[in-house]
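Asks: The structure follows.
The values are calculated or read from the model by the stated rules, or taken from the named source; none is laboratory data. On a predicted model such as this, the values are computed, not experimentally measured, just so you know. Note: ideal-geometry Cβ built from the backbone for every residue, glycine included; neighbour counts use all protein chains shown. Accessible surface areas use protein heavy atoms only, side chains included; no ligands, DNA or RNA. Shrake-Rupley method; radii C 1.70, N 1.55, O 1.52, S 1.80 Å.
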There are 2 protein chains.
Amino acid sequence: MNISEASKRSGLPAKTIRYYEDIELVRPARAENGYRDYADSEIERLTFLRQARHLGFTIDQCRNLLVLFDDSDRASADVKALADKRIKEIDRKMKELKALRNTLSTLARECRADEGSDCAILEGLKKS
Amino acid sequence: MNISEASKRSGLPAKTIRYYEDIELVRPARAENGYRDYADSEIERLTFLRQARHLGFTIDQCRNLLVLFDDSDRASADVKALADKRIKEIDRKMKELKALRNTLSTLARECRADEGSDCAILEGLKKS
DNA sequence: ATAGTGGTTCCAGTAGCTGGAAAGTCAAGC
DNA sequence: GCTTGACTTTCCAGCTACTGGAACCACTAT
């Protein structure tokens, strides 16, 4: 299977698939003409990568997930540990965003938002 | 004022301050010896940048904010528009994170997390 | 034979810094 | 005067995770 078909099936751009090969996340066979030749198992791998990336796992975390993915003897607890870690990351990020949103909307609320040049937002941002 | 003092007062690493000069966000004077020499107004600018960046404004958005910051005739409504845009971005991001969290925790909940190799998470990720 | 659509490699650029090398400057201590 | 150490300068490289583009090769259809 050529790369464009692999792209369609996995949902990843061809460019990204080549990049994933570059950083050794996938190792497709090569046809006689030098074209990459993807097996079904590699489509699964690529799809896996797309999903994991979509869930915000970093490439490095994906690498770890793939090791577990490949290891038929893995303990599912190990996988769950990674997922939980990611959930904690998300929670942290959400908390952060909430705080930012608060600060910003407080500033915005104090802003008269008119033709005048007085601006609570700019004032708020220039201090310490 | 030397860069290390500017760093202390603005809360930005010296490296970052130099970088901001590189991309023309600040233009400190130079002393005879070639050292950068920061005025108080530039500390205000740098602090402003730190705060704005901390609130998640991109460098480009910061550039726009600085134009307004510099323009004593600005309308505060213009500033508020940028802040509101950023708030919307934050809301979008939070929504996204919530969705991810949901997906992940659903998968994690289905995972038995034991010594066994069956793993709902890995299974979930490999399908389209 | 030619055109068009694939595929290949490699190089550069994105955002926003950060680290490190090599070299110049300054103040303090001996 | 000399050395040491802390600062400073510039410049180049690398980080994440791709993405765009050039130059060239392969395949198919007309």
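Asks: Within 11 Å of another protein chain (Cβ to nearest Cβ), out of contact with any helix residue (DSSP H, G or I) (no Cβ under 8 Å at 6 or more places or on another chain) and either within 16 Å of DNA strand D (Cβ to nearest atom) or of a type in the set (A, V, I, L, M) (or both), is that true of A:A31?
Replies: no
Asks: Specify the residue that is farthest from the chain's Cα centre (by Cα); the eligible residues are those in region B:29-51 that are part of a helix (DSSP H, G or I) and within 13 Å of DNA strand C (Cβ to nearest atom).
Replies: Only one residue tops the list, namely B:L46.
Asks: Still on this structure: Taking the residues in region A:55-77 that are more than 8 Å from every other protein chain (Cβ to nearest Cβ), touching a helix residue (DSSP H, G or I) at 6+ places or on another chain (Cβ under 8 Å) and open to solvent by 20 Å² or more (accessible area, probe 1.4 Å) as candidates, determine which candidate is farthest from B:R109 (Cα to Cα).
Replies: Selected residue: A:I59.
Asks: Next question, about the same structure. Can you pull out the residues in region B:8-21 that are more than 8 Å from DNA strand C (Cβ to nearest atom) and either open to solvent by 40 Å² or more (accessible area, probe 1.4 Å) or more than 14 Å from every other protein chain (Cβ to nearest Cβ) (or both)?
Replies: If the condition is that a residue be more than 8 Å from DNA strand C (Cβ to nearest atom) and either open to solvent by 40 Å² or more (accessible area, probe 1.4 Å) or more than 14 Å from every other protein chain (Cβ to nearest Cβ) (or both), then B:K8, B:R9, B:G11, B:A14, B:I17, B:E21 are the ones that fit.
Asks: If you check every pair at least six apart or on different chains, which have Cβ atoms under 9 Å apart with a residue in region A:86-112 that is not assigned by TED's automatic domain parsing to the domain that holds A:Q61 and open to solvent by 20 Å² or more (accessible area, probe 1.4 Å) first and a residue that is assigned to a helix (DSSP H, G or I) and among the β-branched types (V, I, T) second?
Replies: Sorted first by the residue in region A:86-112, then by its partner, the pairs are A:K98/B:I90; A:R101/B:I87; A:R101/B:I90; A:S105/B:I87; A:L107/A:I121; A:E110/A:I121.
Asks: Does B:L82 meet the test of being in contact with a helix residue (DSSP H, G or I) (Cβ under 7 Å, 6 or more places away or on another chain), under 30 Å from A:V79 (Cα atoms) and within 9 Å of chain A (Cβ to nearest Cβ)?
Replies: So B:L82 fails the test.
Asks: With respect to B:K80, determine if the residue is open to solvent by less than 60 Å² (accessible area, probe 1.4 Å) and farther than 29 Å from A:E96 by Cβ.
Replies: When the stated conditions are applied, B:K80 does not pass them.
Asks: Among the residues of region A:1-28, count how many are in a loop (DSSP other than H, G, I, E, B), in contact with a helix residue (DSSP H, G or I) (Cβ under 6 Å, 6 or more places away or on another chain) and more than 9 Å from DNA strand D (Cβ to nearest atom).
Replies: 3
Asks: Turning to a different aspect of this structure: Does B:S105 qualify as being polar (S, T, N, Q), under 18 Å from A:L125 (Cα atoms) and within 10 Å of chain A (Cβ to nearest Cβ)? Outline the logic, then answer.
Replies: On the way: polar (S, T, N, Q): yes; under 18 Å from A:L125 (Cα atoms): no; within 10 Å of chain A (Cβ to nearest Cβ): yes.
So B:S105 fails the test.
Asks: Condition test on A:L46, is it within 30 Å of B:D78 (Cβ to Cβ) and surrounded by 15 or more Cβ atoms within 10 Å (Cβ to Cβ)?
Replies: no
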